[in-house]
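Structure record follows, encoded as structure tokens.
The values are calculated or read from the model by the stated rules, or taken from the named source; none is laboratory data. All values reported here derive from a predicted model rather than from experimental measurement. Don't worry about glycine lacking a Cβ; one is built from the backbone with ideal geometry, like all the others, and counts go over all protein chains shown.
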Amino acid sequence: MLEPLPNAKNVFCIDLEENLTEIANNLGLGLLPDEMEKVKNYFEKENRKPTDVELQAIDQAWSEHCCYKSSKPVLEETVFGLKSSKKVIAREDAGIMEFDERHYYAVGLESHNHPSALDPYGGSATGIGGILRDVVCMGAQPIALIDPLFFGNLDTPRNALAEGVKHPRYLMGGVVAGIRDYGNRVGIPTVAGQVAFHPKYTGNPLVNVGCIGIVEKELMIHSKAGDVGDIYILAGGRTGRDGIHGVTFASRDLDAGADEDLGAVQLGDPITKEPLMHLCLELNKMNLLTGMKDLGGGGLSCVVGELALDGGFGAKVDLEKVHLKVKNMPPWEIWVSESQERMMFTVTPKNVDKVLNRCKAWDVEAVTIGEVISEKRNIVNYNGVEILNLDLEFTTGGPVYKRPYNLPEYNIGKASPLPKYPDDISNQIINIISQPEVASKDWVIRQYDHEVRGKTVLKPMQGPIGKEVPGDSSVIKPVENSWKGLALTSDVNPYLMEANPYHGTMSAVEEVCRNLASVGARIDSLADCLCFGNPRRPEIMGQFKASCEALRDAAISVDVPYVSGNVSLYNETADGAIPPTPVLMGIGLVKDIRKCVTSDMKNEGTIWIVGKTKNEMGASLYYRTLELECPKVPTTDFQTFMPRMEQLIQAIENKEVRACHDISNGGLALTIIEMCMSGVGAEINLNRDLRADIELFSESNGRWVVQVTPGCENDFEKRFDFAEKIGNVNDKIIFNKDGKEITKFDINEIREKWTEPIWKRLA
């Protein structure tokens, strides 16, 4: 099967006339039998045998992670090419949108799920490193990070775990530490995120990381080579054996305890990254680069060809010039390694010395490794011997599969009969606020620096020092001489997604909008990480298709584009697939950050609800604590929602609002309690036709609790088709029904019940 290539050490030719499945297995390839046949046909037309380097390169390019071979047909039918009044400037390593007359903002959102399941610290850290590079290689200065995270239940008994599966507490601790140490050391604040729990994430956590950057319009650079003759310069960390087969590892089911795959996890180094980022931005500002791209999935095998082909060219590389961490790496390892902290530049010949000198000044290693050629091929030499020569359109095209799918069937028309009214509504409320999914996440948030760079206006926790409450969105001031701001948030409810992928996705988009509006921001763009199970299973593809159709319908309703994102499939273990999880990151624009409002209750102002409460209890936290199922999940009505949202933002801009918090998990009860844990209580009157527990715990969409500025009540009420006064401030938290008190809480006592759950499990 293997024949040494003459005059090339550790390079072999492969006879494809032998058993193709055996060849793929022996070389550690993820290529399927039909894909191996396509490869065989290609080399028959080339009238030669492939080298192991070439097969490894094709394996990377044709992985699910790189070419979206299962998801692309569905995405093309749904979210690709959506029209919006908000113009997308670019979709490359990061998406680019207009911020103001002089600046763009850059958006990146990626997942690092499989690596984090094996090595939670290293996997999450390198996720941060990768998303920073994506933003930098557009010429943008990173200004903020976001981390939506999903874990199994922290109370999972150890004897319930399959052999080799790591406990959710260990995974969560390692993931948070990795994000903390990388983000804090590189000096970029982590300002927003999400922490969710569901038993089906046990053994397969989801680690999503996003980044926002800012760039002057004239400094934006593209991820493509400039012209024939441009020189490739590899800068940053050395190439090693970490991260080999990373994209193929991420494109298959996660085997429990697959510690033999640890080599696929990259090793992050924020101390190397920090000067590398400064170098990249400086070189771009000096106009010394014709193209720039980071080395992520597939390493050199992907970045060299993609840079060239996106410019309409090809590339020729001398592989022996690559600087290495270890000696005697075979060429195929050098070519596909995903070692971190590496960037690739294309530079005109006259500027090569200038670039190398600036690299030396920043103490960043850099070497010239090749050049841009006119023919659309990747050609790789090793010590003067050609070891790879591939048509770029063939390698980057990849296979495409129209996977069969079974769309889920759901009956959401009729609600289930109401359960028995709780004997003690107070205990029910305490039970709900003590659930880890809604309890305080300050154990996580306090580990992140969310103020470095001095641009964070609204932080993830808001309110008086020592009595902070969770905010709906964080706000960044990206430009020095402007009051315009960027708001960031993320959201998706895995339980609602599990119950109904279509309506769960619609609700996630709407909640992202609500979160942004709560601080006074108008949604401007979305990024999505679509995390699902094995696409070869029709029921999983049905979930994926239903979710993508909802992403399309919601984006059209809201009039926003998807500017960045990725697809992460094969999120499965021996225990089954994760819940369908389209992780969303929302970016909003704030006209004047000085008018933003926070979620903490203030000492003055009446309390109102905007939006109608409905008996939609399916997948609600209340029903889950009672172990009840209900088909009637929350739905969305964007026709009603959009004008309400705009009126709320205008009310905030007119200073009619003192505090605002959207209603979601846990319903009205949790929303009021979270707002009041700032130290200011509320007396709330439940006077609707709904039963008290339904009114308290319904998670129906399109609602906010708003504290209205004294004297502004009339103007506020006139704005809305439905806004109702429900209470006043108090020194306690009191809920009344039909004029009678049904429960009362001391603020400090209930704050303890909300604060303790995560600390007890992890601290």
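Restricting to the stretch 387-402, what's the tally of residues that are in contact with a strand residue (DSSP E or B) (Cβ under 8 Å, 6 or more places away or on another chain) and either farther than 12 Å from PRO50 by Cβ or assigned to a helix (DSSP H, G or I) (or both)? Don't jump to the end; show me each part of the working.
Keep residues of the stretch 387-402 that are in contact with a strand residue (DSSP E or B) (Cβ under 8 Å, 6 or more places away or on another chain), which gives 387-392, 395.
Pick out the ones that are also either farther than 12 Å from PRO50 by Cβ or assigned to a helix (DSSP H, G or I) (or both) and you get 391-392, 395.
Number satisfying all stated conditions: 3.
Can you pull out the residues in the stretch 696-708 that are in a helix (DSSP H, G or I) and under 10 Å from MET617 (Cα atoms)?
First pass over the stretch 696-708, keeping only residues in a helix (DSSP H, G or I): 696-697.
Passing the criteria: only PHE697.
In this structure, is ILE96 surrounded by fewer than 21 Cβ atoms within 10 Å (Cβ to Cβ), assigned by TED's automatic domain parsing to the domain that holds ASP269 and either at pLDDT 95 or above or assigned to a helix (DSSP H, G or I) (or both)? Working first, answer last.
Numbers: surrounded by fewer than 21 Cβ atoms within 10 Å (Cβ to Cβ): no; assigned by TED's automatic domain parsing to the domain that holds ASP269: yes; either at pLDDT 95 or above or assigned to a helix (DSSP H, G or I) (or both): yes.
Here the answer is no, as ILE96 does not meet what is asked.
Looking only at the stretch 685-705, how many residues end up being touching a helix residue (DSSP H, G or I) at 6+ places or on another chain (Cβ under 7 Å) and under 22 Å from ALA651 (Cα atoms)?
The total comes to 4.
Output the residues belonging to the stretch 279-307 that are of a type in the set (A, V, I, L, M, F, W, C), at pLDDT 95 or above and either part of a loop (DSSP other than H, G, I, E, B) or over 27 Å from the mean Cα position of the chain (by Cα) (or both).
Matches in the stretch 279-307: LEU283, MET286, LEU288, LEU289.
Which of (1) out of contact with any helix residue (DSSP H, G or I) (no Cβ under 7 Å at 6 or more places or on another chain); (2) of a type in the set (A, V, I, L, M); (3) assigned to a loop (DSSP other than H, G, I, E, B) does MET675 not meet, given it meets every other one?
It fails just one condition, (3).
Looking at the stretch 151-172, can you tell me whether even one residue there is part of a strand (DSSP E or B) and in contact (Cβ under 8 Å) with a residue 12 or more places away in the chain?
Of the residues in the stretch 151-172, the ones part of a strand (DSSP E or B) are 151.
Then drop every residue that is not in contact (Cβ under 8 Å) with a residue 12 or more places away in the chain, which leaves 151.
Within the stretch 151-172, one or more residues are part of a strand (DSSP E or B) and in contact (Cβ under 8 Å) with a residue 12 or more places away in the chain.
Of the residues PHE80, PHE150, which is buried (at least 20 other Cβ atoms within 10 Å of the Cβ) and over 17 Å from GLU216 (Cα atoms)?
Selected residue: PHE150, the only one of PHE80, PHE150 that is buried (at least 20 other Cβ atoms within 10 Å of the Cβ) and over 17 Å from GLU216 (Cα atoms).
How many residues does the stretch 178-212 hold that are touching a Ser or Thr at 6+ places or on another chain (Cβ under 9 Å), over 28 Å from THR156 (Cβ atoms) and either part of a loop (DSSP other than H, G, I, E, B) or hydroxyl-bearing (Ser, Thr, Tyr) (or both)?
So the count comes out to 1.
If a residue must be assigned to a helix (DSSP H, G or I) and in contact (Cβ under 8 Å) with a residue 40 or more places away in the chain, how many such residues does the stretch 722-751 contain? Give the steps one after another, and end with the answer.
Let us first name the residues in the stretch 722-751 that are assigned to a helix (DSSP H, G or I), namely 747-751.
From the residues that got through so far, the ones that are in contact (Cβ under 8 Å) with a residue 40 or more places away in the chain too are 747, 750-751.
Result for the stretch 722-751: 3.
Within the group VAL107, VAL74, which residue is part of a helix (DSSP H, G or I) and modelled with pLDDT of 95 or more? Full working, then the answer.
Working: VAL107 fails: part of a helix (DSSP H, G or I).
Result of the check over VAL107, VAL74: VAL74.
With surrounded by fewer than 20 Cβ atoms within 10 Å (Cβ to Cβ) and under 23 Å from ALA521 (Cα atoms) as the only criterion, which of THR625, THR606, THR636 stands out?
Values: THR625 fails: under 23 Å from ALA521 (Cα atoms); THR636 fails: surrounded by fewer than 20 Cβ atoms within 10 Å (Cβ to Cβ).
Going through THR625, THR606, THR636 in turn, just one is surrounded by fewer than 20 Cβ atoms within 10 Å (Cβ to Cβ) and under 23 Å from ALA521 (Cα atoms): THR606.
If a residue must be of a type in the set (A, V, I, L, M) and more than 22 Å from SER518 (Cα to Cα), how many such residues does the stretch 560-590 contain? Give the steps one after another, and end with the answer.
Keep residues of the stretch 560-590 that are of a type in the set (A, V, I, L, M), which gives 560, 563, 567, 569, 574, 577-578, 583-585, 587, 589-590.
Now drop any that are not more than 22 Å from SER518 (Cα to Cα), which leaves 563, 567, 569, 574, 577-578.
Residues meeting the conditions: 6.
Does the stretch 467-522 hold any residues that are free of Cβ contacts under 8 Å to residues at least 24 places away in the same chain and surrounded by 24 or more Cβ atoms within 10 Å (Cβ to Cβ), and which are they?
Within the stretch 467-522, the first condition is being free of Cβ contacts under 8 Å to residues at least 24 places away in the same chain, and the residues that meet it are 480-481.
Listed by number, the list is empty, since nothing qualifies.
Could you list, in sequence order, all residues of the stretch 321-339 that are in contact with a Lys or Arg (Cβ under 9 Å, 6 or more places away or on another chain), assigned to a loop (DSSP other than H, G, I, E, B) and under 21 Å from ILE233 (Cβ atoms)?
Answer for the stretch 321-339, where residues must be in contact with a Lys or Arg (Cβ under 9 Å, 6 or more places away or on another chain), assigned to a loop (DSSP other than H, G, I, E, B) and under 21 Å from ILE233 (Cβ atoms): VAL322, HIS323, LYS325, MET329, SER337, SER339.
Here is a check on your reading of the model: is LEU589 assigned to a loop (DSSP other than H, G, I, E, B), farther than 27 Å from SER70 by Cβ and not assigned by TED's automatic domain parsing to the domain that holds GLY108? Break it down into steps so the answer makes sense when it comes.
Numbers: assigned to a loop (DSSP other than H, G, I, E, B): no; farther than 27 Å from SER70 by Cβ: yes; not assigned by TED's automatic domain parsing to the domain that holds GLY108: yes.
When the stated conditions are applied, LEU589 does not pass them.
Residues that are among the small types (Gly, Ala, Ser), surrounded by fewer than 20 Cβ atoms within 10 Å (Cβ to Cβ) and under 27 Å from MET541 (Cβ atoms): does the stretch 8-27 have at least one?
yes
Among the residues of the stretch 683-717, which ones are hydrophobic (A, V, I, L, M, F, W, C), modelled with pLDDT of 95 or more and closer than 18 Å to ALA415 by Cα?
Residues satisfying the conditions are ALA692, ILE694, LEU696, PHE697.
Sort out which residues of the stretch 16-48 are part of a loop (DSSP other than H, G, I, E, B) and either at pLDDT below 90 or under 18 Å from LEU390 (Cβ atoms) (or both), and write them in order of number. It would help to see each step written out before you state the result.
At the first step, the residues of the stretch 16-48 found to be part of a loop (DSSP other than H, G, I, E, B) are 16-19, 28-32, 47-48.
Matches in the stretch 16-48: LEU16, GLU17, GLU18, ASN19, GLY28, LEU29, GLY30, LEU31, ASN47, ARG48.
Check the stretch 47-54 and report whether any residue there is under 27 Å from VAL567 (Cβ atoms), surrounded by 17 or more Cβ atoms within 10 Å (Cβ to Cβ), in contact with a Pro (Cβ under 7 Å, 6 or more places away or on another chain) and of a type in the set (D, E, K, R).
For the stretch 47-54, residues under 27 Å from VAL567 (Cβ atoms), surrounded by 17 or more Cβ atoms within 10 Å (Cβ to Cβ), in contact with a Pro (Cβ under 7 Å, 6 or more places away or on another chain) and of a type in the set (D, E, K, R): absent.
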